[in-house]
Amino acid sequence: MIGIARAHTNIALIKYWGKRDKKLFLPMNSSLSLTLDAFYTDTKVTFDQTLTKDTFFLNNKEETTEKITPFLDLFREKMSSPRFAKVESLNFVPTAAGLASSASAFAALAGAINQASGLHLDTQTLSTFARRGSGSATRSLYGGFVEWNKGTDSHNSMAIPIDDASWDIAMIIIVVNQAKKTISSRDGMALTVQTSPFYQAWVESAEKDLQNIKQAIANKDFITLGEITEFNGMKMHGTMLGSNPPFCYFEPETIIAQQAIRQLRAEGIPAYMTMDAGPNVKVLCQTSTIPTILSHLETLFSKDKLIISKVGKAMHYLTQDDWEQSLQSFEDTL
Ligand code: DP6
């Protein structure tokens, strides 16, 4: 009873920010993301009747199973002979990236459990399970542009693949600070929902942005796609400034990066920014303009702080040979 899966992380262009049900991870608004090729998690799950408890190894080090065990339980409830599991995960997120890996982590874990358990859940159903680990993991079950439809209940709050994004789309991550964030996205969104007078306006406007961005994707209209992305991300950060107490993820270098993107646009280069629950700036761009954007950004940031990513694929299963190779390439990166 072994399952091995790989899932890539994703960056939301229309953000998920706020839950209407914290236990079930039901979001206030639907969201839409781009799956990234550069960052992924490989996870192996072994259900074994000789085990007396779950174990979890992240990057070859034993960790607590406090988040893993309740997640395994969601699947065990459906299994005819539930067993304890050994979970092994390798995170291929460059250490300098400063990106959260919960999206790829829970999507890969959902895939590996699915295979190990023999439950054969379809991808959309799996996305509803991944959601219960971390909301953004819902979208990492698919590649390209992916919508997380907020749904009406736990069974239909799920991912929908929108487009494979194979039309000259890329992202550059400007690493401003790789330290762990002071306010987690989970706590930050809860405070915003409770206290920000801007919150209701955010929810309404995010739903409009979603409709408009889907139209831009259908038209392969990069400029409109970028404009909506930047508008939506900034509005999310605006809700935080209106929270009580107010909070902000921007750091001085975040502002420098933002100004650089505006400057590039003033020079006619289509590049648009988005930020999540941290100071790093993600630049949505076209593959063809990467060299120009980099040459500008390299005047402000060192090369190792600029990470390029192409579009990532859907969650997929790996063989034992693939797993051995992953272990080897993980060792090589140390
Ligand atoms: C700003 O998915 O990390 O990145 O559901 O509480 O685990 P939990 O939160 P998480 O929040 C992601 C917030 C965001 C926007 C997004 O990815 O949509």
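The values are calculated or read from the model by the stated rules, or taken from the named source; none is laboratory data. Everything quoted here is computed from the prediction, not taken from an experiment. All Cβ positions, even for glycine, are placed from backbone atoms using ideal geometry, and neighbour counts span all protein chains on display. Remember, those area values only see protein heavy atoms, side chains included, never the ligands or the DNA or RNA. Shrake-Rupley method; radii C 1.70, N 1.55, O 1.52, S 1.80 Å.
The residues in region 256-266 that are in contact (Cβ under 8 Å) with a residue 12 or more places away in the chain and surrounded by fewer than 20 Cβ atoms within 10 Å (Cβ to Cβ) can be counted, and the count is 3. Only one entry in Lys313, Lys282 is open to solvent by less than 30 Å² (accessible area, probe 1.4 Å) and of a type in the set (Lys, Arg), namely Lys282. Would you confirm, using the coordinates I've provided, whether Ala100 is open to solvent by 20 Å² or more (accessible area, probe 1.4 Å), under 26 Å from Gly226 (Cα atoms), of a type in the set (Gly, Ala, Ser) and within 16 Å of the ligand (Cβ to nearest atom)? When the stated conditions are applied, Ala100 passes them. For region 232-244, filtering for residues that are free of Cβ contacts under 8 Å to residues at least 24 places away in the same chain and open to solvent by 70 Å² or more (accessible area, probe 1.4 Å) leaves 1. Per the conditions (1) at pLDDT below 95; (2) over 16 Å from Met1 (Cα atoms), the sole criterion not satisfied by Ser136 is (1).
Every residue, every condition in (1) in a loop (DSSP other than H, G, I, E, B); (2) within 14 Å of the ligand (Cβ to nearest atom), yes or no:
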{"position": "Ile11", "(1), (2)": "no, yes"}
{"position": "Trp17", "(1), (2)": "yes, yes"}
{"position": "Arg20", "(1), (2)": "no, yes"}
{"position": "Leu34", "(1), (2)": "no, yes"}
{"position": "Lys86", "(1), (2)": "no, no"}
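Flag: Thr195 does not match the condition of being hydroxyl-bearing (Ser, Thr, Tyr), open to solvent by less than 60 Å² (accessible area, probe 1.4 Å), under 25 Å from Val146 (Cβ atoms) and at pLDDT 95 or above. With a requirement of 1 or more residues that are away from the ligand (no atom under 16 Å from the Cβ) and not β-branched (Val, Ile, Thr), the strands (runs of 3 or more DSSP E) lying completely within region 118-193 that satisfy it span 158-163, 170-174. Can we say Asp322 is in the same structural domain as Ser31 (by TED's automatic domain parsing), touching a residue at least 60 places away in the same chain (Cβ under 8 Å) and open to solvent by 20 Å² or more (accessible area, probe 1.4 Å)? Yes; evaluated as a whole, the condition is true for this residue. Entry remark, region 195-230: residues being part of a helix (DSSP H, G or I) and free of Cβ contacts under 8 Å to residues at least 40 places away in the same chain number 10 in total. Within region 72-81, does at least one residue satisfy the condition of being open to solvent by 40 Å² or more (accessible area, probe 1.4 Å), within 16 Å of the ligand (Cβ to nearest atom) and not in a helix (DSSP H, G or I)? Within region 72-81, not a single residue is open to solvent by 40 Å² or more (accessible area, probe 1.4 Å), within 16 Å of the ligand (Cβ to nearest atom) and not in a helix (DSSP H, G or I).
Residues are listed down the side, and each one gets a yes or a no for (1) touching a residue at least 60 places away in the same chain (Cβ under 8 Å); (2) open to solvent by less than 30 Å² (accessible area, probe 1.4 Å); (3) hydroxyl-bearing (Ser, Thr, Tyr):
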site: Ala108; (1), (2), (3): yes, yes, no
site: Thr123; (1), (2), (3): yes, no, yes
site: Thr128; (1), (2), (3): no, yes, yes
site: Arg131; (1), (2), (3): yes, yes, no
site: Asn149; (1), (2), (3): yes, no, no
site: Asn156; (1), (2), (3): no, no, no
site: Ala159; (1), (2), (3): no, yes, no
